[in-house]
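Undergrad: The structure is given below, and queries will be raised subsequently.
The values are calculated or read from the model by the stated rules, or taken from the named source; none is laboratory data. As the structure is a prediction and not an experimental result, all values here were calculated from the model. Quick reminder, even Gly has a Cβ in these numbers, built from the backbone with ideal geometry, and neighbours come from all protein chains shown.
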Amino acid sequence: MAHNVIAEAKRCLNCKKPLCRTGCPINTPIPDFIQTFLKGDIDEAGRMLFDNNPLSVVCSIVCNHGNQCQGHCVRGLKGAPVEISTIENFISERYLDSLELTKAPSNGIKVAVVGSGPAGITISIKMAQLGYDVTVFESKSDIGGVLRFGIPEFRLPKSIIDRYKTLMLRMGIKIKFNITIGKAFGIEELFRDGFEAISIGTGVTWPISLNIKGETLGHVHYGVHFLEKPEAYRGQLGDSMIIIGAGNVAMDVARTALRMGVKDVKITVRSDNYSASEEEKEYAEYEGAEFVYNKQPVEITDEGVMFADTVCDEEHRLVSVSDTPTLMKADSVMICISQRPSNLILSQTEGLETNERGLAKIGENGETTREGVFASGDVVKGAKTVVEASEQSKRVALAMHEYLQKKHNKA
Ligand SMILES: Cc1cc2nc3c(=O)[nH]c(=O)nc-3n(C[C@H](O)[C@H](O)[C@H](O)COP(=O)(O)OP(=O)(O)OC[C@H]3O[C@@H](n4cnc5c(N)ncnc54)[C@H](O)[C@@H]3O)c2cc1C
Ligand code: SF4
């Protein structure tokens, strides 16, 4: 493993204008970290990566590297691009347990972070590094958001998320589990109890429904619910499954179901294209999923799904839908057509405005319409990616810091 990483790092040309870097949504300092590593300073390379993106190790595993850094590497023009993700993973994975990352001297100012997915983890680490007294509020019984309760173990080992928890606790971050802000307590109670700024990173956890007849039947499930605890579904998936939707969630559902013994898994798409990354789509195919294009679901029955055939134009837009649907048989059906925010915190907080998609409205620096309350991640942008949540949260942490510094300097 180590030999491969070093050989791969040596292939980097240390370009003056590194295209790999422009392809990275969080502007990772490639090739600087690679050169630092090659000079023998692996700790400094780890620090560079962590400072730029506390979720570096996660991103090295789950990002769409083919479209981002590696897809832009100049080496790729005439052969294989430098495998930046492998080098990043090697360095970041080691740095995660670094003893450098400990509690910063406290400035005594309390901040609350609601949600512990990629957005919440990034903000809480950044704020703790700046000396704030951080408390994370999480509705579930553990941290990680989609990293723990969505992406399957075979793609992202949960042990990595456990190590983030250890790190956060070592940095003095307090974590409260099983507390849904907007239910028992709201933003008002957090301000009442002395939190001076609050960040909301509550993601998009509610599946979007199809709103067609048959959706409430017993053999019909939502992909994000299934991925949260696949074992709970054992015994009711049958031998055949129809998946509706073809994004990354659908790919994870297909691969998980196939590994659980479902023999026939069909991923159905309304158009003639899929929205999952090329890599995830390929994995799903190689593991045995079949893709069926141009199928619009119109009704779900006890036997399967009634689909109408569709026709698309060159830009994959639907141009016509047949009016004679036919039955595709299946024992179980999984709906995977994206997610929206759970409306609790957003709807229960006075002065917090949302847009027409129910997402938190924010200004340039992540400030919501309620003073002292910031938001980042999927709850702002809709279902996106880990690296986008981390990139935005990093900027929002700085904005919270500026806000609090101004407030205290005035006082
Ligand atoms: C199945 C699946 C696979 C994916 N695969 C990839 C991938 O391979 N690569 C990639 O880059 N992205 C992937 N994504 C997208 C990525 O995971 C998300 O963009 C990212 O997790 C968003 O981070 P977040 O912190 O905004 O939200 P989340 O990860 O959703 O975290 C939100 C957290 O807030 C908590 N919460 C919600 N409401 C409250 C409340 N009122 N009070 C307290 N806590 C609350 C939730 O329990 C959760 O822990 C995937 C998404 C899914 C669903
Ligand atoms: S584009 Fe490729 S070769 Fe050039 S600096 Fe980036 S990783 Fe190295």
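Undergrad: If a residue must be in a helix (DSSP H, G or I) and either small (G, A, S) or more than 25 Å from N294 (Cβ to Cβ) (or both), how many such residues does the stretch 239-263 contain? Walk me through how you get there before you give the answer.
TA: Looking only at the stretch 239-263, we keep the residues that are in a helix (DSSP H, G or I), and these are 248-259.
With the extra rule that they be either small (G, A, S) or more than 25 Å from N294 (Cβ to Cβ) (or both), the set shrinks to 250, 254, 256-257, 259.
Result for the stretch 239-263: 5.
Undergrad: Let me ask something else about it. Starting from residues that are in a loop (DSSP other than H, G, I, E, B) and out of contact with any helix residue (DSSP H, G or I) (no Cβ under 9 Å at 6 or more places or on another chain), keep the ones in the stretch 217-238 and report whichever is surrounded by the most Cβ atoms within 10 Å (Cβ to Cβ). Show your work before the answer.
TA: Taking the stretch 217-238 first, the residues in a loop (DSSP other than H, G, I, E, B) are 217-219, 229, 234-238.
Those still in the list that are out of contact with any helix residue (DSSP H, G or I) (no Cβ under 9 Å at 6 or more places or on another chain) too: 217-219, 234-236, 238.
Details: L217: 11, G218: 8, H219: 20, R234: 9, G235: 8, Q236: 11, G238: 14.
Taking the candidates together, the pick is H219.
Undergrad: Test P25 against the stated conditions and say whether it is surrounded by 13 or more Cβ atoms within 10 Å (Cβ to Cβ), free of Cβ contacts under 8 Å to residues at least 40 places away in the same chain and not aliphatic (A, V, I, L, M).
TA: Details: surrounded by 13 or more Cβ atoms within 10 Å (Cβ to Cβ): yes; free of Cβ contacts under 8 Å to residues at least 40 places away in the same chain: no; not aliphatic (A, V, I, L, M): yes.
The answer is no for P25.
Undergrad: Scan the stretch 189-216 for residues that are within 23 Å of the chain's Cα centre (by Cα), surrounded by fewer than 18 Cβ atoms within 10 Å (Cβ to Cβ) and either of a type outside the set (F, W, Y) or at pLDDT 95 or above (or both) and jot them down.
TA: Filtering the stretch 189-216 down to residues within 23 Å of the chain's Cα centre (by Cα) leaves 198-210.
Those left that are additionally surrounded by fewer than 18 Cβ atoms within 10 Å (Cβ to Cβ): 206, 208-209.
Correct list: I208, S209.
Undergrad: Now, a different point. Consider S116 carefully, then state whether it is within 30 Å of G182 (Cβ to Cβ), within 17 Å of the chain's Cα centre (by Cα) and either of a type in the set (G, A, S) or in the same structural domain as Y403 (by TED's automatic domain parsing) (or both).
TA: Yes: the conditions hold for S116.
Undergrad: Go through (1) buried (at least 17 other Cβ atoms within 10 Å of the Cβ); (2) charged (D, E, K, R); (3) out of contact with any helix residue (DSSP H, G or I) (no Cβ under 8 Å at 6 or more places or on another chain) for D272 and report which single condition fails.
TA: Every listed condition holds for D272 apart from (1).
Table: residues versus (1) surrounded by 14 or more Cβ atoms within 10 Å (Cβ to Cβ); (2) not in a loop (DSSP other than H, G, I, E, B).
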{"position": "V298", "(1), (2)": "yes, yes"}
{"position": "V305", "(1), (2)": "yes, yes"}
{"position": "D309", "(1), (2)": "yes, yes"}
{"position": "D323", "(1), (2)": "no, no"}
{"position": "L327", "(1), (2)": "no, yes"}
{"position": "S342", "(1), (2)": "yes, no"}
{"position": "I345", "(1), (2)": "yes, yes"}
{"position": "G351", "(1), (2)": "no, no"}
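Undergrad: Same structure, new question: Against the conditions (1) away from ligand 1 (no atom under 16 Å from the Cβ); (2) surrounded by fewer than 23 Cβ atoms within 10 Å (Cβ to Cβ); (3) of a type in the set (S, T, Y), where does Y132 fall short? Just the number, please.
TA: For Y132, the exception is condition (2).
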